[in-house]
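The values are calculated or read from the model by the stated rules, or taken from the named source; none is laboratory data. Note that this is a predicted model, so its numbers are computed, not measured. Every residue, glycine among them, receives a Cβ derived from its backbone with ideal geometry; neighbour counts consider all protein chains shown. Note: areas computed on protein heavy atoms with side chains; ligands, DNA, RNA excluded. Shrake-Rupley method; radii C 1.70, N 1.55, O 1.52, S 1.80 Å.
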Amino acid sequence: MKILKFGGSSAANPERIKSIIEIVKPYLQNDVAVVFSAFGGVTDLLIQLSGLALEGNIEYKQKLEQLEKRHLDAVRELTTVATQSSILAQVKIQINELEDVLHGIFLVKERTPRTLDYIMSFGERLSAYVISEAFKDKGLAVEYLDSRKVIRTDNQFGHAKVDFEITHKLIRDHFKHHTDVQIITGFIATSESGETTTLGRSGSDYTAAIFAGALQASTLEIWTDVDGMMTADPRLVKKAFTVPQMSYEEAMELSHFGAKVIFPSTMQPAMANRIPIWVKNTFNPSGVGTLISADSVNGKLIKGISSMNNISLLNIQGSGLLGVVGVSMRLFSTLAKEKINVILISQASSEHSICIAIEGDSAARAKTAIEKEFVHEIKDELIDEVKVQQGLSIIAVVGDGMKHHPGTSGRMFSALGKNGVNVVAIAQGSSERNISTVIQQADVSKALNALHDAFFLSDRKTANVFLVGTGLIGTTLINQVKDQFQRLSDHNKLEVKVVGIANSKRMLFDENGLSLKNCLSAMKEIGEPMNLADYVEKMIMLNLPGSTFVDCTSSIEVAGRYESILDANISIVTPNKKANSGPFHNYRKLKELVQKKGVRFLYETNVGAGLPVINTLNDLLLSGDKVIRIESVLSGTLNFIFSAFTKGKKFSEIVSEAKARGYTEPDPRDDLSGVDVARKILILAREAGVALELEDIQIENLVPESCRDEMSADDFLLKLKEHDSYFNKLLDAAEAKNEKLRYEAILENGKAFVKLATVAKDHPFYSLSGSDNIILLTTERYHDRPMVIRGPGAGAEVTAAGVFADIIRIGNYAN
């Protein structure tokens, strides 16, 4: 014998019911019974109808007409004209009966739990009857069974308890005398006094399990709208997948904490009789589904991650709890009297406090009841006033594989911590099958995704990137990510998703990742107007795991948002020097925030483009070395200019060439002023532990006085021609000494300066060419022979590559 159950979503309309008939047909060759829920949405509609009638709102009649039409239309579509009249008449009789009950509520303005159970029963009675007639119309030998005939309960309306001894006997007797396939109403039963009762949440599943237990079925199949029990809620975790096998206990733990595919009550009769449960998808009948049984052997450490929202945490603490016998009994008895269910308990070994998690709607009532019970202890200050935290959720990691397996909790809390998810409370039972944590409800999606990646996709990582600045560097970065996406995914198990992009005019988001092929054009076409505050707010609101903000601008306004971004547990990667070269106290604040929040703030490209300058310097300092002197050429632009500036060439022409190649800023004066180089040596000084401000640095400005007025870049280049003779004199003087011009930055003895200097043949700067940068680090360890870092220091390709490398570092760290 097999028992099949189909839920409301599976029987939402006639087309789906026809699909169900096709699914059930092959089963009819063997012993089978089929349980049905009400049509999708009907139970909620019935409750709404009764509520309207209770309010005296005549609108209930219109909605009742809609309910009637839906069922009559289903009859007309599922059966032939020859058989319809009697079926339609029977449906009409039931609707009239329902109308009479609702009219009574409308008149007396009273709706008891008994009445509500009776009203809700019409959903299953109508659906199972209509579906049974649809089966008959196909020539199939079936019989409609109102489960109220065989399931007996107490009088606890709304969630009646089953009398299994009587029920099992009635079911077995019924099946002895009825050989046709039974089409059974789920959810409903009859009390000892003959009143209609309901079996509570997941009542139809429970009905199926009751029949399976009574008939010693070989299997119980729950047909729903998903492919089985999932590793996580697929609405929140896009990478969730079906778990092929799990134990009864694992399924119960997951269902308790919000996995709504199957409920604990369903499991109880199946567990007691060791009946395997299959969870299958009506919309994908060929799918494997999930097998829930006594034994579960698929080798996974955990089977699923579930969550429960709208949780409140009550904290009862005080010296009056220490070593006092009976406090817990009084606490939980008080809550039981109020019919408040305790979902999670956490108590410190000091016995100084007890935390309990309950449904948020019950928090105020629970607080009042507890404070009333302990009124004397609170008055004598032995127990503090009960504290309530709201807006919380419970995340549960479940699996039999956790038993005696060290490191599970470490992996769990590491994943949460790296993604900035604060744990409010923790609970783990002695079964070692479940670790539950209470977190802020706003962090649920991020936490689920972070944990799912950590446990089920531990070899794969995701970096969710939010990019601001789609100029030359930003565009080049997008192209590099696009070109390397597959390689990173295949070989490094890292998926870099660009979730948001923006320039000064437009911004565009896609939580699932923008198409790197056309995201820039899409931003122009469908992007919304750019507003930096809105962009940051949207990024924070999405709250994605592994979020990284990438600033490819030179904007001080964008840099001004770093503090709020880091504070929201979002890492930052940037070539923008404005934040780290701004006021020293702001620099320190960002550093402290990074330490406090455990996020990453990477800015390798602030100095030397893609060269490993800052990482190398930090590694030296972390290992105990001390910086004595930094001597450097830090502008790829200026090095290109002075490397190309040779006898017979004009300085203004070289500057124009550098601009044409994209080496300079849009206005070359930004490079020639020396401020950019000053910012770089300032950043290196701060990284080396020297607390300098930008105004402390001596800067030689190479922009002639007459060219510093307000003018366009093109006008400047024309004006610069007037000063070619000045720069030629500098070149001649250098060549007379057989030396070369270099614009260098030096840090020594706590002071920094940038200037145009000449270097001899034996100096490392002499051989520099093109846009190369060079940094000489003289430290206590590298004293006689300084460490040399040299390579291209300008250009979109190398800068974007440096930014990309920092993104990859964060992606590997945050997962």
Handout entry: Contour minus Cα-Cα distance for residue 310 and residue 65 (0.36 nm per residue)
Key = 84.7 nm
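Would you list the membrane-span-like helices of the chain, meaning whole DSSP H runs whose alpha-carbon atoms span at least 27 Å along their axis and whose mean Kyte-Doolittle value is at least -1.0?
Numbers: long enough: 59-78 (29 Å, -1.42); 81-108 (42 Å, 0.79); 113-137 (37 Å, -0.11); 472-491 (28 Å, -0.39).
Span-like helices, by this rule, are 81-108, 113-137, 472-491.
Local charge sum around residue 800 (other residues, Cβ-Cβ under 14 Å, Lys/Arg +1, Asp/Glu -1)?
Its environment carries a net charge of -4.
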Practice task
Round to the nearest 10 and report in Å² the accessible area of residue 163, as given by a 1.4 Å probe over the protein chains' heavy atoms.
Solution key: 50 Å²
Completion exercise
Quick calc: nm separation of the 7 Å Cα→Cβ label points for residue 698 and residue 788 -> 2.7 nm
Exercise for the section: Mind giving me the FRET efficiency for residue 83 and residue 388? R0 is 56 Å, r the Cβ-Cβ distance, nearest 0.05 is fine. Expected result: 0.40
Practice task
Take every Cα pair under 8 Å in the chain that's 6+ residues apart, average their separations, divide by the length, and report that relative contact order as a whole percent.
Solution key: 8 percent
Completion exercise
Expected field for residue 584, accessible surface area in Å² at 1.4 Å probe radius, rounded to 10, holds 50 Å²
Exercise for the section: Any lysines with Cα under 24 Å of the residue 238 Cα? List them, leaving off those in the same chain fewer than 8 positions away. Expected result: 260, 280, 300, 303, 418, 446, 461, 482, 493, 497, 517, 538
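Once you keep just the Cα pairs under 8 angstrom separated by 6 or more residues, what percentage relative contact order results for segment 608-699?
28 percent
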Completion exercise
The answer for the net charge of residues other than residue 271 whose Cβ lies under 15 angstrom from its Cβ, with Lys and Arg +1 and Asp and Glu -1, is -4
Practice task
Roll a 1.4 Å probe over the protein heavy atoms and report the accessible area of residue 174 in Å², nearest 10.
Solution key: 30 Å²
Fill in the blank from the handout: Sorting 785, 365, 742, 152 on solvent-accessible surface, 1.4 Å probe, most exposed first, gives 785, 365, 152, 742
Practice task
Report the calculated FRET efficiency for residue 273 and residue 534 (r = Cβ-Cβ distance, R0 = 60 Å), to the nearest 0.05.
Solution key: 0.55
Completion exercise
Calculated from DSSP helices alone, with each H run of at least 4 adding -39500 (n - 2.57) and the total divided by the residues of the chain, [θ]222 nm to the nearest 500 comes to -13000 deg cm²/dmol
Exercise for the section: Compare 221, 592 by solvent-accessible area with a 1.4 Å probe and give them largest first, with all protein chains kept in place. Expected result: 592, 221
Exercise for the section: Let me know the volume per residue of the alpha-carbon convex hull for segment 488-533, in Å³. Expected result: 86 Å³
Fill in the blank from the handout: Cβ-Cβ cut-off under 13 Å around residue 513, Lys and Arg +1, Asp and Glu -1: the net charge is +2
Practice task
Could you order 117, 510 by accessible surface area, starting with the largest, using a probe radius of 1.4 Å?
Solution key: 510, 117
Practice task
Please check which bits of segment 658-677 a label hung off residue 706 would reach, taking the label as a point 7 Å along Cα-to-C-beta and the cut-off as backbone N under 18 Å.
Solution key: 669
Practice task
Pull out the extension gain between residue 288 and residue 460, defined as 0.36 nm times the separation in residues minus the alpha carbon to alpha carbon distance; nm, one decimal.
Solution key: 59.4 nm
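Kirkwood Rh over alpha-carbon pairs of segment 661-815, then Stokes-Einstein at 4 °C and 1.567 mPa s: what D in µm² s⁻¹, rounded to an integer?
72 µm²/s
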Exercise for the section: Taking 7 Å along the Cα-to-C-beta vector as the label spot, tell me the residue 760-residue 629 distance in nanometres, rounded to one decimal. Expected result: 1.4 nm
Problem - residue 235/residue 90 FRET efficiency (R0 41 Å; Cβ-Cβ; nearest 0.05) - result: 0.60
Completion exercise
Once residue 653 and residue 58 are pulled to full extension, the length gained, defined as 0.36 nm per residue separation minus their Cα-Cα distance, is 205.6 nm
Practice task
Using every pair of alpha-carbon atoms in the chain, split the distances into 10 Å bins beginning at 0 and state the percent of pairs per bin, rounded to integers.
Solution key: 2, 11, 16, 17, 15, 12, 9, 7, 6, 3, 1, 0
Exercise for the section: Counting only heavy atoms of the protein chains, get the accessible area per residue of the chain (1.4 Å probe) and round it to a whole Å² value. Expected result: 44 Å²
Completion exercise
residue 172 and residue 767 label points (each 7 Å along its Cα→Cβ direction) are spaced in nm at 9.6 nm
